[in-house]
Amino acid sequence: MGDDVESVSPVPVSSAAWRPSRAIVSHLEVDTTDRALTEPLREDIRLLGGMLGDVVREHSGTATFNLVEGSRQASFDIREDDLDRDDLAQRFVEPPATDLLPVARAFSLFALLANLAEDLHRERRRSIHLRAGDRPQNSSLAATYAKLAAADLSDETVGARLAGALVVPVITAHPTETRRRTIFEAQNRITEVMRMLRRTELTPAEESAALTAIHRQILTMWQTALIRLDRLTILDEIAAGLRYYDATFFDVVPRINTETRAALCRAYPDAGLGNLPLVRMGSWIGGDRDGNPFVTGEVVATATSSAARLAFTHHLEQLAALSQELSMSARLVEVPPGLAELAEQTTGASADEPFRRALTSIRARVSATALASLGPSASILPHLVDPGVGVEPYADKTELRADLDVLDAALRANADDTIADDRLLRVREGVLAFGFNLSGLDMRQNSEVHETVVAELLAWAGVHEDYRALPEDERVAVLTAELASRRPLTGPDAALSELAAKELAIVRAAATAVARFGPEAVPNYVISMCTSVSDMLEAMILLKEAGLYDAGEGGQARCALRVVPLFETIEDLQQGAATILAALDVPLYRQVVAGQDGTQEVMLGYSDSNKDGGYLAANWALYRAELDLVAAAEQAGIRLRLFHGRGGTVGRGGGPSYEAILAQPPGAVQGSLRITEQGEIIAAKYAEPVSAHRNLETILAATIESSLLDVEGLGDESERAYAILDDIAERGRRAYGELVHETPGFVEYFTTSTPLSEIGELNIGSRPASRKQTTAISDLRAIPWVLSWSQSRVMLPGWYGAGTAFAEWIGDGADAQERLAVLRDYNEHWPFFASVMSNMAQVLAKSDMGVAHRYSQLVPDEELRERVFGRIVAEHDLTLRMHAAITGNDDLLADNPALKRSVYNRYPYLEPLNLLQVEFLRRYRAGDDSREVRRGILLTMNGLATALRNSG
């Protein structure tokens with residue numbers, strides 16, 4: 001161990017030195033058995049890749065095809081160490097950008113097709129296991145139910161711990177997810193045809209037609225621009241987020257809720273779980289204005305009304321279909337009183353068809369609700385009916401659900417359970433899951449903006465001329481006094497700054513949405529960079545101005561939205577529990593929480609804590625924060641719900657959801673959680689029903705297990721383990737800080753060795769790269785920070801500092817082996833530690849110091865380049881060795897064979913995209929601002945994000 005720890009000094013940087021060594025590549029080689037099991041996957045990739053090659057040759061010419069094919073073959077030669085990376089890079093130096101763009105497009109499309117093939121292969125393997133009657137796989141609900149049965153839990157325990165169980169995936173925008181709808185739909189068509197090819201005995205003519213259909217879709221994709229010419233707007237992002245509902249959510253969410261609730265009720269009939277909401281959807285798109293100046297009151301109105309319009313469209317369509325199906329005659333079935341009463345509310349249908357008459361009444365009321373909520377724009381909704389005079393809109397989804405329950409009871413009274421369990425069940429569950437608002441739009445803003453605006457409002461109202469100069473206790477006193485009063489601070493004619501007027505317009509738009517579509521339309525107000533009680537109360541002042549907060553009669557304060565502090569930096573995470581307890585000590589705030597089912601939601605930020613202190617320190621700070629918050633909630637007598645702000649990549653809290661949820665400390669889940677889903681991760685998980693069902697099942701399984709079972713596994717060793725991780729995390733933070741925060745010139749190295757500048761300058765996403773105009777790392781948004789390192793294949797946020805931290809803690813003394821044994825034991829038995837190691841291994845497997853060296857050559861300052869890159873390479877090498885020592889395996893992906901196959905078989909195809917991006921960046925920075933070069937940078941960014949699947 002001593003030798004390992006000592007060899008951490010920077011090494012000379014040269015092109016030859018930083019090709020992947022055979023030792024690293026061998027970590028990813030697959031054995032004979034694995035190759036046999038994955039032969040169908042390779043067949044699919046060969047089929048799709050071959051068709052893409054044919055399309056390239058036919059429509060872009062032999063010269064382009066030869067450049068693509070030659071680059072592909074060279075990439076595999078580089079993997080086998082038979083070719084120097086410089087040889088392939090040189091091929092892209094001379095050709096004009098117009099000749100290189102088709103190469104970038106070809107490899108980007110191949111990444112899409114390879115993703116599709118891998119998803120199909122996982123689906124195929126699961127089907128094989130299920131048909132064979134194999135033991136259910138971990139992360140499946142079947143495996144979870146087996147674990148619960150073995151635990152012999154009482155109905156009372158299950159009912160208490162799962163009371164109000166709720167899992168909310170929150171869809172958020174992402175700059176690399178710019179996929180066109182045409183591409184999205186073509187992928188889904190190819191998926192369906194590939195399923196048919198692999199599952200069905202086809203005649204030669206049928207097989208030929210299927211292959212032609214796939215070829216047609218690939219050709220369509222080849223001739224469709226992969227990226228937009230114009231900058232993505234928030235309206236584009238809203239539309240992109242909504243497309244997943246028709247594609248998957250409308251089908252999958254009601255189905256998985258039904259299946260899960262039924263299974264739990266069968267196992268625990270006296271637990272009172274019959275009305276669990278389970279999965280509902282959330283969104284940040286259009287409500288998250290932290291650092292995004294393009295979010296306005298109009299955008300909030302568009303986001304909420306677009307979502308509601310889609311919900312009404314879906315419900316009306318399903319009710320129309322149901323009306324066609326429920327044709328039962330009163331001459332042939334019994335008509336219970338409740339059904340008869342519903343049927344008598346209309347005369348438009350046949351007198352002896354009570355179900356259709358009841359549905360006519362229901363459709364009229366839903367149509368009246370749509371017209372009342374959406375106004376004139378509802379008139380264009382498909383299947384909208386004229387509600388007629390005197391038809392009352394539904395007050396809320398509960399009333400609609402009650403009417404549908406009448407139909408359900410009537411069918412079951414006639415022993416028509418199989419009919420009741422078909423479309424009607426899906427409609428009832430759809431109403432429960434989506435209501436009239438579709439999903440909850442969270443509002444989010446930075447605490448600094450709140451402070452500025454509230455200070456202005458207080459000054460304008462004559463309450464205090466310099467609120468920002470007050471210490472914290474006086475701020476709280478001023479704010480609570482205002483919140484205790486129903487008097488607004490402003491009037492219609494208030495002369496306010498542009499910022500204050502905009503912020504008030506946004507919260508007023510939220511209030512309008514709540515009034516039109518119900519409180520679930522805008523359920524939460526998230527405060528970024530929350531550090532104090534005043535930060536929480538300032539948000540409530542703004543909500544009060546919009547009528548969303550009211551001091552109430554007799555001092556019973558109420559708030560229509562949950563106030564959700566977001567603790568992001570390591571220091572804020574460490575102080576989070578104290579902040580919550582201090583807020584609950586304010587009687588008025590305690591009243592608000594009591595009125596919201598006694599639940600306090602807290603959001604945990606993975607991104608900024610990682611950017612602040614590095615991978616190990618951030619992960620441990622989050623774990624410690626959760627432990628503290630659980631204890632604080634218990635002390636205060638409230639229920640805690642955590643909102644995990646996870647990005648796609650490990651550096652932003654990503655990684656497998658099942659393992660991540662199980663890695664939470666005891667008491668941190670309590671039956672419910674919310675979790676962000678971002679960008680290309682949304683497409684990977686939810687673009688298609690089978691994968692969507694599987695991924696939602698995974699989140700539900702982990703939530704149920706974490707709520708009901710002891711998954712930490714530390715027992716009496718917990719305090720010792722926590723102390724050891726305190727020490728290791730601090731060492732990791734120090735090592736990370738020495739590079740990122742203390743190394744002279746690091747910011748220059750980062751901005752010039754990655755495509756960071758181009759992310760900000762090109763039309764990527766609606767949000768600026770920084771919260772404000774600055775070159776400080778602390779002000780940079782987490783997405784471009786992580787995305788830049790991912791594109792350059794350094795992946796620094798997902799591992800840097802870990803090698804040094806582990807090596808220093810283990811040391812080279814007499815107890816080194818004993819200390820190593822401790823960490824090995826944690827890796828074996830502690831889910832948190834195992835998850836940290838596994839996620840880090842995934843990042844290391846996707847990193848490539850040879851490719852990263854090519855990016856380092858973009859740094860003009862040679863001394864800076866070699867100094868910083870040398871440190872990165874040395875830490876990378878040390879981290880690899882520490883991972884092998886702790887896990888006892890130099891195979892980085894031994895616990896993730898699917899990813900290992902992906903990396904080994906597919907990652908050589910990333911090589912041309914990386915080398916092309918470097919070449920396009922070199923030309924762009926040399927002054928070539930042509931459309932082709934700019935498009936080349938965009939294409940390679942999008943292609944790499946697609947291929948890496950969790951890039952930012």
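The values are calculated or read from the model by the stated rules, or taken from the named source; none is laboratory data. Just so you know, these numbers come straight off a predicted model, no measurement behind them. Using ideal geometry, Cβ is built from the backbone for each residue, glycine included, and neighbour counts are taken over all protein chains shown.
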Subject >> Selected residue (criterion: nearest to the chain's Cα centre (by Cα)) from residues of segment 580-635 that are among the aliphatic types (A, V, I, L, M) and farther than 21 Å from residue 533 by Cα >> reply: 618
Original post:
What tally of residues in segment 201-220 results from selecting those that are in contact with a helix residue (DSSP H, G or I) (Cβ under 8 Å, 6 or more places away or on another chain) and either outside the structural domain of residue 186 (by TED's automatic domain parsing) or small (Gly, Ala, Ser) (or both)?
Top reply: 2
Subject >> Residues that are of a type outside the set (A, V, I, L, M, F, W, C) and more than 13 Å from residue 589 (Cβ to Cβ), drawn from segment 527-543 >> reply: 528, 531
Original post:
Pick from 598, 605, 613: which is in contact with a Gly (Cβ under 9 Å, 6 or more places away or on another chain), assigned by TED's automatic domain parsing to the domain that holds residue 477 and over 28 Å from residue 280 (Cβ atoms)?
Top reply: 613
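Can you tell me which residue among 366, 389, 427, 431 is more than 34 Å from the chain's Cα centre (by Cα) and of a type in the set (A, V, I, L, M, F, W, C)?
Result: 389 is the single residue among 366, 389, 427, 431 that is more than 34 Å from the chain's Cα centre (by Cα) and of a type in the set (A, V, I, L, M, F, W, C).
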Original post:
Pick from segment 606-648 the residues that are touching a Lys or Arg at 6+ places or on another chain (Cβ under 8 Å) and over 18 Å from residue 839 (Cβ atoms): which of them is surrounded by the fewest Cβ atoms within 10 Å (Cβ to Cβ)?
Top reply: 642
Original post:
Among the residues of segment 485-520 satisfying the criterion of being in contact with a Gly (Cβ under 7 Å, 6 or more places away or on another chain) and touching a residue at least 60 places away in the same chain (Cβ under 8 Å), which is surrounded by the fewest Cβ atoms within 10 Å (Cβ to Cβ)?
Top reply: 505
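Could you tell me which of the residues 791, 842 is buried (at least 21 other Cβ atoms within 10 Å of the Cβ), more than 17 Å from residue 615 (Cα to Cα) and of a type outside the set (Asp, Glu)?
Details: 842 fails: more than 17 Å from residue 615 (Cα to Cα).
Only one candidate passes the filter, namely 791.
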**OP:** Kindly check whether there is at least one residue in segment 723-742 that is touching a residue at least 60 places away in the same chain (Cβ under 8 Å), assigned by TED's automatic domain parsing to the domain that holds residue 851, assigned to a loop (DSSP other than H, G, I, E, B) and not β-branched (Val, Ile, Thr).
**Re:** no
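Give the residue, chosen from 71, 139, that is among the polar types (S, T, N, Q) and in a helix (DSSP H, G or I).
Being among the polar types (S, T, N, Q) and in a helix (DSSP H, G or I) holds for just one of 71, 139, which is 71.
Sort through 216, 231, 280, 255 and tell me the only one that's more than 25 Å from residue 169 (Cβ to Cβ) and modelled with pLDDT of 95 or more.
Details: 231 fails: modelled with pLDDT of 95 or more; 280 fails: more than 25 Å from residue 169 (Cβ to Cβ); 255 fails: more than 25 Å from residue 169 (Cβ to Cβ).
Within the list 216, 231, 280, 255, the selection yields 216.
Would you mind finding the one in 206, 259, 237 that is charged (D, E, K, R) and more than 28 Å from the chain's Cα centre (by Cα)?
Numbers: 259 fails: more than 28 Å from the chain's Cα centre (by Cα); 237 fails: more than 28 Å from the chain's Cα centre (by Cα).
From the options 206, 259, 237, the qualifying one is 206.
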**OP:** Return yes or no: is residue 536 surrounded by 21 or more Cβ atoms within 10 Å (Cβ to Cβ), closer than 19 Å to residue 490 by Cα and of a type outside the set (Ser, Thr, Tyr)?
**Re:** no
Original post:
Which of the residues belonging to segment 455-477 are in a loop (DSSP other than H, G, I, E, B) and either closer than 30 Å to residue 396 by Cα or in contact (Cβ under 8 Å) with a residue 12 or more places away in the chain (or both)?
Top reply: 461, 463, 464
**OP:** With the condition kept exactly as written, say whether any residue in segment 497-516 is over 31 Å from the mean Cα position of the chain (by Cα) and either assigned to a loop (DSSP other than H, G, I, E, B) or closer than 21 Å to residue 440 by Cβ (or both).
**Re:** yes
Original post:
What's the number of the condition residue 866 fails, among (1) outside any loop (DSSP other than H, G, I, E, B); (2) in contact (Cβ under 8 Å) with a residue 40 or more places away in the chain; (3) under 30 Å from residue 39 (Cα atoms)?
Top reply: (3)
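Which residue is farthest from residue 519 (Cα to Cα), if the candidates are limited to segment 546-560 and must be crowded, with 18+ Cβ neighbours inside 10 Å and touching a helix residue (DSSP H, G or I) at 6+ places or on another chain (Cβ under 6 Å)? Break it down into steps so the answer makes sense when it comes.
Of all residues in segment 546-560, those crowded, with 18+ Cβ neighbours inside 10 Å come to 546, 548-549, 551, 557, 559-560.
Next, from what is left, pick out any that are touching a helix residue (DSSP H, G or I) at 6+ places or on another chain (Cβ under 6 Å): 546, 548-549, 557, 559-560.
On the way: 546: 14, 548: 10, 549: 12, 557: 16, 559: 10, 560: 7 Å.
Across segment 546-560, the extreme among qualifying residues is 557.
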Original post:
Of all the residues that make up segment 790-843, how many are within 13 Å of residue 728 (Cα to Cα) and polar (S, T, N, Q)?
Top reply: 1
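So which of 490, 452, 480 is in contact with a helix residue (DSSP H, G or I) (Cβ under 8 Å, 6 or more places away or on another chain), assigned to a loop (DSSP other than H, G, I, E, B) and not assigned by TED's automatic domain parsing to the domain that holds residue 316?
Values: 452 fails: assigned to a loop (DSSP other than H, G, I, E, B); 480 fails: assigned to a loop (DSSP other than H, G, I, E, B).
Checking each option against the conditions leaves just 490.
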